[in-house]
Amino acid sequence: MNQQQTETIAKIFITRGEEKQYRELEDLLATAQQGDSNLIDILHQAQNIFGYLPRRVQVRVAEKMEIPFSKVYSVVSFYSLFSTTKRGKYTIEVCTGTACYVKGSQDILDQINDELGIEPGQTSEDDRFTLQDTRCVGACGMAPVVIIGDDVHGRVKSEQVSELLSQYD
Ligand code: FES
């Protein structure tokens, strides 16, 4: 890769306000072996830097490690620990397993949508929350269950959603 291409890539990150993360990524890739032997580890560290793995990061990793982009993309797609969408500071998991669904988890999802304007898989504009629906988390006796960050909230009513979210900033 020539100097001009490197500068073009740097500009892409800088125009997105990611100059600091870009420098960290370059430092990381400078120490990475070429080839895919430690690809998962590198992607994991890159995700820690950016919070997720957008296409531009995957492209840069592929170039620098001299791996086809398709290989990087397939690894990122295969492992659930990798995310290609921006993650919020907190993940909200609303259980939509049978017990929780029967007890109103859809109302909770609707209320979260009203409050934050996000559907499952999306992140709020202020980057505070990423919403996910999830299968039974094994706490059916507490249905409906909502997990925010590391906190498990049971018997949640949709009217409580606003107050619940306000506890996280
Ligand atoms: S169905 Fe929600 S915890 Fe089991």
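For the stretch 3-78, relative contact order (Cα pairs under 8 Å, six or more residues apart, normalised by length) works out to 27 percent.
Here the Kirkwood formula puts the hydrodynamic radius of the stretch 41-169 at 15.9 Å, using every distinct Cα pair.
Each of F129, F13, F82 was scored by other Cβ atoms within 10 Å of its Cβ. Arranged with the fewest first, they read F82, F13, F129.
When the stretch 90-165 is described by a simple charge dipole with +1 on each Lys and Arg Cβ and -1 on each Asp and Glu Cβ, the residue from N113, H153, A139 located farthest towards its positive end is A139.
Between the Cα long axis of helix 55-65 and the first principal axis of the chain there is an angle of about 40°, rounded to the nearest 10. If both residues of a DSSP beta bridge must be in the chain, then about 55% of such bridges are antiparallel. In terms of surrounding Cβ atoms within a 10 Å radius of their Cβ, S83, S77 rank from fewest to most as S77, S83. Taking the 0 to 90 degree range and rounding to the nearest ten, how far is the long axis of helix 105-116 tilted relative to the main principal axis of the chain, both from C-alpha atoms? The answer is roughly 60 degrees.
Residue order for C140, C100, fewest other beta carbons within 10 angstrom first, comes to C140, C100. The C-alpha atoms of the chain define a longest principal axis, and helix 19-31 lies at about 60 degrees to it. Judged by a Cβ-Cβ distance under 4.7 Å, the unpaired cysteines of the chain are C136, C140. The magnitude of the dipole of the chain, with charges of +1 and -1 set on the Cβ of Lys/Arg and Asp/Glu and taken from the Cα centre, is near 440 debye. Classify the stretch 1-43 as rounded, prolate or oblate from the Cα gyration tensor: take a ≥ b ≥ c as the square roots of its eigenvalues, call it rounded if a/c is under 1.5, otherwise prolate when a/b beats b/c and oblate if not. Taking the square roots of the gyration eigenvalues as a ≥ b ≥ c, the stretch 1-43 is oblate.
Let me have the 222 nm mean residue ellipticity of the chain computed from DSSP H runs of 4+ only, each contributing -39500 (n - 2.57), with the sum over all residues rounded to the nearest 500. Before the final figure, lay out each step's value.
On the way: 8 runs with 81 residues, N = 169.
Helices in the chain give a 222 nm mean residue ellipticity of -14000 deg cm²/dmol.
Length gained on full extension, D150 to R56: 30.8 nm, using 0.36 nm per residue less the C-alpha separation. Please return the longest range in the chain lying between exposed loop sites, taking GluC sites (Glu not before Pro), DSSP loop only, at most 12 other beta-carbon atoms within 10 Å, and leaving the sites out. Counting only loop sites that pass the neighbour cut-off, the longest clear stretch is 1-65.
Only the coordinates and a few stated rules stand behind these numbers; no lab work does. This one's a predicted model, so the numbers in the text were calculated from it and none came from an experiment. Cβ: placed from backbone, ideal geometry, glycine included. Neighbour counts: every protein chain shown.
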